[in-house]
1. Of everything in region 126-150, what is charged (D, E, K, R) and modelled with pLDDT of 90 or more? Give them in sequence order.
2. Write out, first by first residue and then by second, each pair whose Cβ atoms fall under 7 Å of each other, whose residues are 6+ apart or on separate chains, and whose first residue, in region 15-28, is farther than 13 Å from ARG88 by Cβ while the second is open to solvent by 90 Å² or more (accessible area, probe 1.4 Å) and at pLDDT below 90.
3. Output the residue which, of all residues in region 33-54 that are of a type outside the set (Lys, Arg) and in contact (Cβ under 8 Å) with a residue 40 or more places away in the chain, is most open to solvent (accessible area, probe 1.4 Å).
4. Looking at region 163-196 only, could you name the residues that are open to solvent by 60 Å² or more (accessible area, probe 1.4 Å) and more than 15 Å from PRO73 (Cβ to Cβ)?
5. If you check ARG217, ARG199, ARG212, which single one turns out to be outside any helix (DSSP H, G or I) and either open to solvent by less than 70 Å² (accessible area, probe 1.4 Å) or under 20 Å from ILE76 (Cβ atoms) (or both)?
6. For region 104-151, what are the residues that are of a type in the set (Phe, Trp, Tyr) and either loosely packed, with under 14 Cβ neighbours inside 10 Å or farther than 26 Å from PRO49 by Cα (or both)?
7. Report every pair of residues separated by at least 6 positions or lying on different chains whose Cβ atoms are under 7 Å apart, first residue within region 146-161 and closer than 23 Å to LEU65 by Cα, second open to solvent by 80 Å² or more (accessible area, probe 1.4 Å).
8. Here are some residues: LYS179, LYS154. Which one is among the charged types (D, E, K, R), over 21 Å from the mean Cα position of the chain (by Cα) and closer than 20 Å to PHE131 by Cβ?
Amino acid sequence: MDATLSIRRNKLSRQTVRQILRIATHAGSLLPLLWMGWQYQQDLLGVDPVRAVILRTGRITLISLLLTLAVTPAKIVFGWKQLLPLRRTLGLYMFLYVNIHLWSFAWLDYGLDWEFILEGIFEQRYVLVGFAAYLILIPLALTSNKWGMRRLGKNWKRLHKLVYLIGGLGLIHFFWLVKNVYTRPILYGSVMLILLLLRVGPIKQWFLRAQRRMKARLAKR
């Protein structure tokens, strides 16, 4: 009886943790958008609010991408399996912000003048690279669901590995955009490199073995 109650409490605890993490993820992802929207309405985004919106949504897109990529390494290093369901949510918020980023460029900055937009895409290399990353991202977002997993089968994982290419293109886009101020692109690039290295076989296995040793020690206590 006591064992059954203990199991139920553990299950409730895990469910509660998952719910808290889910709420925190949605709140944390939406708060920057709400804050930026309020600042835009109040004319608090500086002398060039359109550029501020474009730059800020671009940065949030990259941060969302890094958080999405951080989920698996967090499981490898710390054993935080409860974060895995959040990967899809974070990825979809990344897609939301990159759409706001793109449409801020096309609508607020270029006034939906498609000839002018196409000229901007093909004449400015950072825009071309960013647009290429966006096109690659579309099928990933559309298949980030159970239907997509069923339809693609084993190819689903292959398709979603393109997120690494998207990350690289996004960093190049940011690097070329900021021109001479490279602090943030280098920081984001360093974080992405660390996250990718943690997935490499020998490094991944070292952390997994360390986790097992830690669990064994705790079990003996």
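The values are calculated or read from the model by the stated rules, or taken from the named source; none is laboratory data. Predicted, not measured: the structure shown is a model, and the values here were computed from it. Here Cβ is always computed from backbone atoms with ideal geometry, including for glycine, and neighbour counts include all displayed protein chains. For the accessible areas, the whole protein counts, side chains as well, though only heavy atoms, and no ligand, DNA or RNA atoms are used. Shrake-Rupley method; radii C 1.70, N 1.55, O 1.52, S 1.80 Å.
1. Let us first name the residues in region 126-150 that are charged (D, E, K, R), namely 146, 150.
Selection gives ARG150 alone.
2. From residues that are farther than 13 Å from ARG88 by Cβ, there are no pairs.
3. Going through region 33-54, the residues of a type outside the set (Lys, Arg) turn out to be 33-50, 52-54.
Applying the additional criterion that residues be in contact (Cβ under 8 Å) with a residue 40 or more places away in the chain yields 33, 50, 53-54.
Numbers: LEU33: 48, VAL50: 28, VAL53: 11, ILE54: 26 Å².
Among residues in region 33-54 that are of a type outside the set (Lys, Arg) and in contact (Cβ under 8 Å) with a residue 40 or more places away in the chain, the one most open to solvent (accessible area, probe 1.4 Å) is LEU33.
4. Selection gives LEU165, ILE172, PHE175, TRP176, LYS179, ASN180, VAL181, TYR182, THR183, ARG184, ILE186, LEU187.
5. Working: ARG217 fails: outside any helix (DSSP H, G or I); ARG212 fails: outside any helix (DSSP H, G or I).
Unique residue meeting the criteria: ARG199.
6. The initial filter retains those residues of region 104-151 that are of a type in the set (Phe, Trp, Tyr), namely 105, 107, 110, 114, 116, 122, 126, 131, 134, 147.
Matches in region 104-151: TRP107, TRP114, PHE116, PHE122, TRP147.
7. Partner pairs satisfying both residue conditions: GLY148/LEU142; TRP156/MET149.
8. On the way: LYS154 fails: closer than 20 Å to PHE131 by Cβ.
Being among the charged types (D, E, K, R), over 21 Å from the mean Cα position of the chain (by Cα) and closer than 20 Å to PHE131 by Cβ holds for just one of LYS179, LYS154, which is LYS179.
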